Structures are given as C-alpha cells and as structure tokens.
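For reference, the structure is listed below as structure tokens.
Quick note: the coordinates plus some simple rules give every number you see, no bench work behind them. The model shown is predicted, which means the values in this text are computed figures rather than measured ones. Here Cβ is always computed from backbone atoms with ideal geometry, including for glycine, and neighbour counts include all displayed protein chains.
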Amino acid sequence: MSTERRRNAEGGRRRAEGPDDGSRGDGGRRRATGPPREERAGGRRRPDSEDGFWGDDQPAPRSRRTRPPEDGARSEGRPRPEGGRRRAEGERPRRPDGERRRRPEDGDRPRRRPDGQRPRRPEDGERPRRRPDDPRAGGRRRSSGPRDPRDREHGARSEGRRQGGRAAAGSGGRGGGGGRRRPRQGEPDDRPWWKRFLSKAWKPALAVFGLMIIGGVAAFAVLYAMAPDEKELARNAEKDASATQIMWAAQGDEETGEVALTTGEVKRVAITREDIPEEVIDGVLAAEQATFYEDPGINLKGIGRAVLSRGEAGGGSTITQQMARNYYSELDGEPPLTRKIREIFIAIKLSQQLEPDEILTTYLNTIYFGRGASGIEMAAQEYFGKSVSELDRAEGAYLGIIIQMPSNFENPEPDSWTANYLEKERWPYVQRQLAAMYENTGGERGLPEAEANKLDIPDSIIDYEPASLDDPKLGYVRQAVINEVERRYEGSQVTGADIATKGLVIQTSLEPDLMDAAEEAFNVLPESAAEDTMHGLTAVDPETGQIVAFNGGPDVATVINNSLVHQAQAGSAYKPYVLARALSDGIGLRSQFDGDSGQEYQGLANPVINSGDRDYGEVDLIQSTADSVNTSFVELAIEVGESRVDELAVQMGVHPDRQTTSTVGPLIALGTHQVNALDMASGYATFAAEGRHFPAHMVTEVKRADGSVITPDDADELERGEEVLSQGVAADATYAMQQAVLEGGAGNAALDDGRPVAGKTGTSSDAVSAWFVGYTPQLSTAVGLSRANATDSLDFGPEFGDVFGGTTSAKVWKAFMEVAMEGQEQRQFPAPQWVGEDRRFLPTPSPSEEPSEEPSEEPAEEPSEEPSEEPTELPEEECEWWDRECQGEDETEQPDECDGWIRPDHCDEDDGQPGIPGPPDGGDQNNSGNNNSLIRPRD
C-alpha cells in the first residue's frame with residue numbers, strides 16, 4: 001500500500017518530526033524519536049490522562065475500519081508489519097530474512113533502474129514523474145512542510161487528495177476520496193467532449209428549460225384569457241357586411257379616383273342547425289374538414305406549417321379557426337405569425353365554450369359563398385334556386401367546394417382553369433373524403449366508396465348575372481381586381497370573402513377613358529368578322545408595370561376575359577425574345593444568317609419556309625426582324641438555346657405556365673407557345689423601360705375600412721423592379737423593331753404625329769391568331785386576335801382575304817394608341833449601341849462542289865403550315881440594300897413629305913432606292929400544329 005493510502009486509511013497524516021510542544025492527537029505519523037514501536041502503527045493513541053489534550057468532554061474517537069495485513073500501510077513502497085521497528089531518517093529499508101526481491105511481472109515497471117541506465121523520457125502526452133524532492137509529490141513530506149494539523153488538510157487538497165474515505169491508487173502516493181479526481185490546472189482532460197460539455201451545461205440547461213416551461217404556461221394563460229369569447233362572436237355575427245369599393249385611377253392632382261363599382265349588396269338569411277340536412281353537412285365537411293367533430297378546434301399539422309414558415313404557408317385551418325379569422329376584426333393588420341397564434345387561441349377558447357354543432361351553424365350562416373351570398377341559405381338560392389333544406393348530396397358538396405375560392409367558383413367559364421381545377425382536383429378530393437368519413441365513423445357520416453365515386457357535379461347550377469352592372473366592362477374589372485387582390489395579398493390573408501363583406505377600398509391604375517378606347521379600337525375591323533372573334537388588348541406603363549387599360553369582352557357571364565385570360569399562339573411576335581437572348585449573348589445586330597426559305601434543321605420533321613416561300617439570301621438581324629425572316633430566327637434560336645429563350649421571356653413578363661402550352665424546340669422562335677395580351681404587353685414593356693421589368697398589376701392600393709393600408713406580397717419588386725436586359729441590349733432590340741414599323745410589315749401601326757414606335761407583328765399557322773405588339777417610351781400595348789376555340793382560323797369574310805397581324809391587329813393598335821398618346825410628350829428611343837460581335841452563321845460550301853445544271857429539288861410549301869403573304873415586287877438590284885452610294889445614279893428628287901416618319905405611297909413607288917426588301921408582313925411560320933387547350937392561370 002502506498003504511503004498516501006496508508007495515511008488515509010489509518011486516519012490522518014503524521015509529521016515526520018511531530019509537534020514542538022509534545023504529543024498532539026493520536027493520529028498521524030510519529031517522529032523517529034516517538035513512542036515505542038510496540039504501539040500499533042497508524043492507530044490512535046488514547047489520551048495520556050483524563051484531562052489530557054482533548055479534555056474529558058470530548059466524545060470518544062470513532063473507531064476506524066481495520067485493514068488486512070496485506071493492505072497495511074506501506075512506507076516507501078514496502079509493507080511494514082505491525083509493531084515493526086521504524087527506521088531512522090536516512091536508513092534504507094531492510095528485506096525480511098530469506099525473502100528475495102520480487103521480479104517485475106509483465107507490464108509492471110521495475111522499482112529501480114539497473115545501474116548505468118538513464119531515466120526514460122516521458123512520451124507525448126505523458127506527464128513526467130515528479131522528483132522525490134518535489135513538494136507536491138507523494139511519500140514522505142519534507143520537515144519544512146505544514147506543521148499545524150489544520151494546514152495538513154489544505155496541503156492534501158491542493159495536491160488533489162482528500163482526507164478520509166477510500167484512497168485512490170496513483171503514482172507518487174497521490175490519492176483522494178471517492179469519485180473521479182478533478183484535473184489540476186494545466187492538466188489535460190481526457191474525457192470525451194460531450195461529457196465535458198454536459199458536466200458544465202446541464203445545470204444552466206435545466207434552469208433555462210424550467211424557465212421556458214414556466215414562461216410558456218404563463219403566456220398560454222395570458223393569451224387564453226385575452227382571446228374573445230362566444231359573446232363577442234355572437235355580436236360580430238350579427239353585424240351587417242359592407243361592400244368593397246373599387247376605384248378608377250386618380251386623375252390630375254386627385255389623391256383617389258372616382259368609384260368604378262362596388263362588390264354589391266351582401267345577402268344573408270340565418271337558419272338553425274335543424275334546417276341543414278345531414279347530406280349538406282357531409283358535403284361541407286368533406287370539402288373543408290372531415291374530422292371536425294373529432295378535432296379539438298385546431299389542426300396541429302397546420303400549426304406546425306405556420307410556425308416553420310412564420311405564418312406564410314397558411315392552410316390547414318379548421319372550421320373553428322376560419323370562423324375566428326372571419327369574425328374578429330382585431331386580427332386584421334397583424335403579422336402572419338402573430339395572427340395565426342391569436343387565431344389558434346380563439347379557436348381553442350371557442351371549442352371549450354361552444355358545442356361543435358353551434359360552431360358549425362354559426363360558420364355556415366356567415367361564411368361567404370360568392371354571388372353576393374353570405375350564408376348557406378342564400379348560397380342555395382343563388383346557385384340552385386331553392387332552399388338549403390331541398391339540396392341533395394351533390395349540391396351540398398358543390399357548396400362546400402365553393403367556400404375555398406368563392407370568387408373563382410361563382411361563375412366558372414368552360415375550359416377555364418377554374419373549371420378544370422374543379423373537375424379534376426376538387427371534386428375527386430371530396431369524393432375520397434366522403435368515402436373516408438364513412439369508414440372512420442362506421443357509416444354514421446359520408447358515403448360508401450362505390451356511391452361516392454358515382455357522385456357527379458350537379459348540372460342544376462343556374463347562370464349568374466351580376467346586378468347593377470350596366471356597363472359590360474365593369475364586370476370584367478370586378479373579376480380581374482378580385483382575382484389580383486387574392487393573389488397578390490395572399491400573405492395578408494385577404495380573401496374573396498373579405499373583399500365582399502369587409503368594406504375595403506381598392507385603388508386601381510385603370511383609366512376609364514382608355515378602357516373605353518380599348519373597346520372601341522376594334523371598330524376598325526370589318527363587321528363581317530366571326531362572332532366569336534376574341535379581341536385582346538392590354539396596355540401597360542413600362543415605368544411602373546401598371547395596367548392602364550384592357551378589353552374584357554361583351555359579357556362577363558358568358559365570355560372569358562379576352563385580354564387577361566384567353567390565350568392564343570404568339571406567332572412571330574415571340575421573335576423579339578429570341579433577338580434579346582442573342583444580343584445578351586454577344587451576337588450583334590449585323591451578324592449574318594442564311595435567309596433562304598426551305599431550310600432543314602435537326603429535330604424538325606419539315607423544312608422551315610419563309611412567308612411566300614421567299615429567299616432573302618444573306619440577312620442580318622435588323623432585316624430579319626423587319627421582314628420577319630423565319631429561317632434566320634430558327635437558326636438563331638438553336639444557336640442561343642430554346643429553353644434559354646423561354647427563361648428570358650418569363651423574366652421579361654410572360655407567365656411561366658405558357659412554356660407548357662407547346663413543345664420547347666426551335667419553332668418557339670415562330671411563336672408556338674400560347675400567350676395572352678397581358679403577357680405580351682408586359683414583356684415588351686421591358687424593352688420600353690430600357691431593360692428593367694416591373695410586374696404587371698392594376699391594383700395600386702388596398703385599404704381597410706379603418707383606413708389602414710395593406711401591404712402586398714410583391715411590394716419590394718414593384719418598388720425596385722428587376723434589370724433583365726442591359727440598356728444596350730434593349731436599345732438595339734428597340735432599333736430593330738423600329739425598322740419593322742418604318743420599313744417592314746408593321747407600317748399600319750405608325751402614329752399620325754410621327755412619334756417613334758417599335759413593335760412586331762405576328763401571324764400563326766393557318767391564321768389562328770394575329771398580333772401586333774408595340775410600344776412608345778411611355779406605353780406598351782399588345783393586340784391579339786383569335787377565335788374562342790384557339791384552333792379555329794380567323795375569318796373576316798371573303799372580301800377581306802388573308803389575315804395577317806400587319807393588316808388587322810396593327811390597325812387596332814394604332815386606333816388605341818392615337819387616343820392614349822394624345823397630349824403626351826414625344827419622347828425618343830435611345831440610340832442603338834451595337835452590342836456584341838458581328839458573327840457569320842452562313843453555311844460553308846464544299847470546295848469540291850460543282851455547280852449543277854440540273855435545278856435542285858425545292859421543298860414544296862405546305863399551305864397548312866404557313867399563311868402566305870403576297871411579297872412586294874422588287875426592282876432588279878445589283879447593289880446591296882444598305883449601300884446608298886452604290887445606288888446614287890438612280891436617285892431621284894423626293895418631296896419633303898417623303899423624309900418624315902409617315903411616307904405616302906408614291907414615295908415608295910417613285911423611289912429609286914429599294915430600301916429594305918420585304919412583304920407588308922414577314923409572315924409567321926409555325927410547323928408545330930400543336931394547339932393545346934386553353935390554360936388559365938390561377939389569378
């Protein structure tokens with residue numbers, strides 16, 4: 001046993017020399033001149049006398065546990081038999097007679113080094129052994145050590161030892177009490193990191209966790225106490241709903257415009273729970289919350305989504321939560337996460353105070369169903385013309401579906417996005433929920449799966465005709481504004497029900513005079529046009545993205561919005577997006593292409609043919625744009641990447657869903673995608689704004705009834721815009737499109753006051769659509785003509801002849817822009833900056849190729865692929881069209897009127913300078929023949 005362990009076991013450490021004033025205590029080590037050796041080593045001596053040092057009043061010392069002889073105290077590493085002689089200082093220990101020195105076992109370190117062997121150096125990370133004279137080392141203390149018994153304990157503790165208890169084994173006589181010895185300062189801690197962390201962090205973590213529990217309980221109690229109760233619910237349910245005002249754009253110095261219309265009177269009739277058939281209840285629960293009677297008023301999954309998204313994700317609200325949101329005005333205007341939390345506590349409190357049937361009845365009596373109906377009784381009257389008690393299962397399920405999007409479902413148009421969503425997603429969902437309810441409730445609610453699958457959308461829905469809207473355009477304004485508010489203010493949870501019932505004030509950018517002009521501009525077309533011709537026109541302010549005018553159609557109840565929803569193939573009006581992509585990639589305007597007709601391209605089954613099968617030879621991008629050369633633009637689209645063209649078009653303002661309306665390939669350069677007038681006006685507005693895009697919108701401000709302003713989700717985008725094109729790219733693309741108006745097939749779009757105009761025509765295959773999209777620095781306007789069925793060709797009567805964008809839509813565009821630009825400052829476009837490099841994309845002839853006398857076989861033009869335009873006859877020319885000096889001998893004196901923007905016909909007839917060759921419209925090749933059904937975005 002080591003010296004240290006012996007001392008701890010025998011009860012205290014004794015000094016080598018003892019106290020100066022005689023004996024002091026029983027324990028400790030005796031001096032060499034101490035008591036006789038016959039006394040038991042390590043034991044406590046009894047007091048010499050009854051009145052000895054400790055006194056009579058001291059309690060008897062506690063007996064210490066004796067150890068076996070083999071565990072007895074050691075002195076300098078050797079067991080000392082009881083009663084043995086103590087050796088004097090400096091005396092070497094003696095081995096008992098006949099006992100030989102023990103050899104070290106495997107792994108044991110010998111006690112003494114052999115003679116001549118040098119001390120072993122400590123290895124990396126190993127602490128060196130202390131020398132015997134180290135005051136901290138174990139074993140015998142020096143005579144200069146602490147002499148006072150009280151100091152001995154402090155000395156032991158400073159060495160990592162504890163008196164009493166079980167001594168820990170260690171070199172140098174170090175030991176201590178039970179448990180792990182704490183490392184001394186500077187000694188590395190070999191415990192794993194997580195143990196070291198837990199040893200220090202568990203107490204603070206426990207304290208923080210406890211405080212969090214206490215704070216959470218306190219917060220829950222406070223929020224629960226502050227939540228409104230059922231009495232306030234009853235008061236709010238009895239309040240009359242207020243209609244929302246939709247305002248025209250402000251004129252002049254006015255802060256707000258005049259009232260365009262209101263959402264109309266809201267009608268409501270309250271009924272009791274007994275008046276609502278169980279079939280209707282099942283339909284509503286299947287559409288909204290199948291587990292309403294089982295849930296405690298909240299949806300834990302929905303709460304989790306709201307917390308993770310800070311209230312932005314939404315969804316998952318129970319019927320009780322929806323009722324809380326609809327009937328407590330104090331939730332308005334709060335941040336999404338805060339509103340969601342308060343909504344949850346209101347739902348919890350209401351579920352504690354009201355029966356489920358009471359909550360459901362209040363909900364169905366006050367929820368908005370569209371068509372000005374608040375409550376399920378008025379909804380039954382407006383949609384089916386009968387009382388709710390007479391509805392069947394299919395009609396009840398349909399009313400349950402309406403609750404989600406009342407403004408969209410109040411009058412779904414055939415083949416629209418709403419109709420497809422209702423038929424393909426919402427109705428199958430309700431069928432599945434009815435079957436699930438039947439299984440989960442043991443047949444108490446819902447329908448068996450076979451019966452649920454047989455349930456069809458009711459055909460008894462009556463037509464909806466909004467009241468007090470004598471002007472057809474107001475119905476389209478109401479519909480467009482509500483759709484936009486629901487989309488752009490989704491983060492603030494402004495719903496169609498809020499718009500119909502909460503007295504909002506919605507300010508728009510729509511100008512009433514331009515709205516009328518957008519409708520009247522189509523009067524320039526022949527009266528012999530087909531009745532289902534769709535008149536699309538949208539005008540966008542490039543500097544703000546605000547929609548100032550659009551043409552909706554003749555009747556909102558029967559005709560889809562011609563401008564904001566209806567789609568048709570873009571034709572060659574899509575080519576400027578290809579041009580912008582090429583300019584951004586460094587392909588300059590003067591780059592050369594092969595403009596001959598009938599060229600074949602990899603991946604296309606048929607050759608690409610120009611309008612009129614015209615061969616243009618070598619053309620640059622300026623002439624290609626002015627004359628709408630199909631072959632050069634298909635080559636350009638392949639060079640820059642078709643998908644990258646679509647990506648740029650989306651960034652410029654085309655809705656991303658348009659990319660799914662046709663196959664992405666080389667023919668997108670010819671406009672195979674279906675677009676609407678809003679897409680094209682917004683995209684071209686980016687050119688007019690010198691490359692900066694602002695999202696198109698018509699709602700400029702939404703105020704609550706108390707005057708507070710609601711912030712839209714895209715507020716930052718509207719304020720800053722996004723730089724999509726560099727100014728140089730926008731300027732060069734604008735220059736090329738100016739030539740289309742000056743020298744190409746869009747001359748009918750030139751304005752009478754001579755202000756600069758840039759734009760592009762577009763005519764799709766078989767004339768199923770005709771476009772002109774153009775702009776001035778102040779306004780971008782798109783005009784698109786098509787049929788209600790997007791695959792039908794335009795028809796203006798036999799006298800009119802072939803239909804082209806340059807002969808129809810360009811005239812409509814001019815009629816509208818003459819009104820829109822009246823009194824406006826004449827601004828000039830930026831000069832071209834000639835960005836990029838002039839490259840050549842011409843075929844390289846083989847050196848061994850011999851000219852053949854036999855004419856090569858020319859690809860036949862297929863009439864079904866290309867609406868032909870009669871090319872303008874050109875005089876024979878040996879000079880290039882841009883080389884004016886080469887043609888100087890043939891120049892004739894021209895009158896001054898030929899130098900302006902508007903050139904009379906005789907200028908072109910008598911002009912010896914051929915100018916830019918090309919037909920009135922460059923034509924629009926479309927070899928796809930792929931016309932998908934209309935896809936309406938969820939606006």
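Things to note:
- Residues E187 and E543, FRET efficiency given R0 of 56 Å [Cβ-Cβ distance, rounded to 0.05]: 0.15
- Three principal axis lengths of the stretch 443-548 [C-alpha, angstrom, descending]: 63, 43, 29
- 3J(HN,Hα) couplings calculated from phi for the stretch 402-418 with the Karplus curve 6.51 cos²θ - 1.76 cosθ + 1.60 (θ = phi - 60°) are, in sequence order, 4, 4, 5, 9, x, 5, 6, 8, 5, 7, x, 7, x, 6, 7, 4, 4 Hz; Gly and Pro show x.
- Note on Q352 and E799: their simple-model spin labels are 8.1 nm apart, each label 7 Å out from Cα toward Cβ.
- When each of K349/K703; K340/K703; K760/K811; K267/K340 is checked by Cα-Cα distance, pairs over 23 Å: K349/K703; K267/K340
- Using the Stokes-Einstein relation with a Kirkwood hydrodynamic radius computed over Cα pairs, the translational diffusion coefficient of the stretch 730-831 at 25 °C and a viscosity of 0.890 mPa s comes to 174 µm²/s.
- Scalar couplings 3J(HN,Hα) for the stretch 532-544, obtained by applying the Karplus form with A = 6.51, B = -1.76, C = 1.60 to θ = phi - 60°, are 8, 5, 8, 9, x, 8, 9, 10, 10, 7, x, 7, 10 Hz; x denotes Gly and Pro.
- Close amide-amide hydrogen proximity is noted between M534 and S786, R787, A788, each under 5 Å apart and 5 or more residues distant or on a separate chain (H modeled in the peptide plane; Pro and chain starts excluded).
- Calculated on alpha-carbon atoms, Rg and Dmax of the stretch 342-396 in Å: 13.8, 39
- Within the stretch 486-508: backbone nitrogen closer than 20 Å to the Y429 label point (7 Å, Cα to C-beta): 486-498
- Distance (nanometres) between label positions extended 7 Å along Cα→Cβ at Q826 and D714: 3.5
- Taking all C-alpha pairs of the stretch 243-291, those more than 16 Å from each other amount to 66 percent.
- The share of Cα pairs per 10 Å bin across the stretch 462-607, counted from zero up to the longest distance, runs 8, 26, 28, 19, 14, 5, 0 percent.
- Convex hull volume per residue in cubic angstrom - Cα atoms of the stretch 541-654: 157
- Inter-label distance, nm, simple model (7 Å from Cα along the C-beta direction), A219/A250: 4.1
- P(r) for the stretch 338-485, from all Cα pairs and a bin width of 5 Å, is 2, 8, 14, 17, 19, 17, 12, 8, 3, 1, 0 %, short bins first.
- Amide proton proximity set for E618, modelled H, under 5 Å, gap of 5+: G595
- Interchain or long-range residues, amide H under 5 Å from S242's placed H: K502, G503
- Dividing the Cα radius of gyration of the stretch 524-603 by its Kirkwood radius returns 1.11 for Rg/Rh.
- Shape parameters for the stretch 598-740, alpha-carbon atoms, Rg then Dmax in Å: 18.8, 68
- Calculated SAXS-style log₁₀ I(q)/I(0) at q = 0.13, 0.17, 0.19, 0.24 Å⁻¹ - the stretch 401-497, Debye, Cα scatterers: -0.62, -0.90, -1.01, -1.25
- Placing one equal scatterer on every Cα of the stretch 668-730 and applying the Debye formula, the log10 ratio I(q)/I(0) at q = 0.23 Å⁻¹ is -1.02.
- Calculated from the alpha-carbon coordinates, the stretch 382-446 shows an Rg and a Dmax of 13.3, 39 Å respectively.
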